[in-house]
Amino acid sequence: MTLARTTLLALAGLLVGASACNRGGSSEADPSYAQALPGRDDVDDSLASIVTDTGELRVRLPIEPDDPSKGAAEPLVVVVEFSDFQCPHCGNAAQAFDELLAAYPDEIRLVFKQFPLPMHPDAEIGARAALAARAQGKFWAMHDLLFANRSAMKRDEVLAHAERIGLDRAEFEAALDDSATAARVKQDKATGIGLGVRGTPSFFVNGRPFSGMLPPERLQQVIEAERALGRKLVDAGSARRDVYARILRAADDLQPEPPPKAAPAPPPSAREGE
């Protein structure tokens with residue numbers, strides 16, 4: 001059985017059967033990379049036609065150096081996911097992406113962006129908890145616990161999660177309450193909204209936008225097509241670590257829009273009788 005076929009069957013099992021996440025969690029440290037991936041301004045346009053010839057809509061979605069990510073150090077395929085920790089479909093997507101990373105450890109990188117939805121009352125603190133855990137090198141460990149326990153995301157519960165994965169409680173609690181953490185959640189969400197994200201899971205595969213989790217056969221087709229594009233760029237002379245930058249260079253010039261400015265507060269009305 002080929003690797004692609006094996007992966008397809010595994011994804012089918014995850015997305016159709018959707019077995020429960022491992023409630024044991026993990027205490028593994030986040031992966032680290034020797035250097036950040038280059039940006040679109042670090043490469044030239046010499047191979048742009050290879051990307052544009054695919055005929056696919058792609059948007060320029062750069063990876064920030066501090067974005068939580070895992071997978072290949074020099075990927076052929078970069079998946080940027082916008083997710084909500086209380087969204088059941090996002091939990092299924094997380095399992096599917098983990099399966100892809102296991103099947104293609106040297107070719108795919110997953111990048112996570114926060115997109116807590118208003119309909120999920122504890123998703124915001126879940127997002128902040130994941131980023132607070134990242135400050136101690138345990139984003140993905142917290143990510144797994146949050147998805148495994150979507151109904152346990154109150155403040156005392158995320159503090160218990162932090163202790164469970166070996167975080168310093170005081171440091172975690174300080175990061176959880178830091179205004180910079182809340183601002184980063186807001187920034188991720190504004191980026192997604194600017195790119196047309198309205199629900200979760202939404203994700204971009206080498207800049208190609210998708211809303212909602214794809215059927216396993218379709219997801220497999222997309223991944224295989226993007227692996228082929230990455231290999232074609234390398235065969236044409238691109239450094240492997242420049243593949244995503246070259247794709248961004250040739251992508252459509254759709255940039256995240258800044259969040260709308262809040263309307264100025266009206267002057268306080270005169271009190272009755274004055």
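Listing for the model above:
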{"item": "Length released on extending from A170 to R231, taking residue separation times 0.36 nm less the Cα-Cα span", "result": "17.3 nm"}
{"item": "R0 of 45 Å, Cβ-Cβ distance L159-A48: FRET efficiency to nearest 0.05", "result": "0.40"}
{"item": "Spatial separation of Cα centroids for region 122-153 and region 69-114, in angstrom", "result": "16"}
{"item": "Sorted by Cβ density within 10 Å, fewest first, the residues T181, T191", "result": "T181, T191"}
{"item": "³J(HN,Hα) computed for each position of region 209-224 - Karplus, 6.51 cos²θ - 1.76 cosθ + 1.60, integer Hz, glycine/proline x", "result": "x, 9, 10, x, 6, 7, x, x, 5, 5, 4, 4, 4, 4, 4, 5"}
{"item": "Nearby lysines by direct alpha-carbon distance to K154 (threshold 28 angstrom, same-chain neighbours under 8 apart not counted)", "result": "K70, K113, K138, K186, K189"}
{"item": "Whole-Hz couplings from phi, Karplus 6.51/-1.76/1.60, listed for region 93-99; x for Gly and Pro", "result": "5, 4, 5, 4, 5, 4, 5"}
{"item": "Farthest positive-ward along region 151-219 dipole, Cα basis, beta-carbon charges - from F204, L167, Q187", "result": "F204"}
{"item": "Cleavage-rule hits (trypsin sites (Lys or Arg not before Pro)) in region 179-233: DSSP loop, at most 15 neighbouring Cβ within 10 angstrom", "result": "R198"}
{"item": "Karplus-derived 3J(HN,Hα), 6.51/-1.76/1.60, for each residue of region 36-52, Hz, glycine and proline x", "result": "6, 5, x, x, 4, 7, 8, 10, 9, 8, 4, 10, 4, 5, 4, 7, 5"}
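None of the figures in this text is laboratory data; all of them are computed from the coordinates on show. Keep in mind that this is a model prediction, so the values were computed, not measured. Virtual Cβ from ideal backbone geometry, glycine too; neighbours counted across all protein chains shown.
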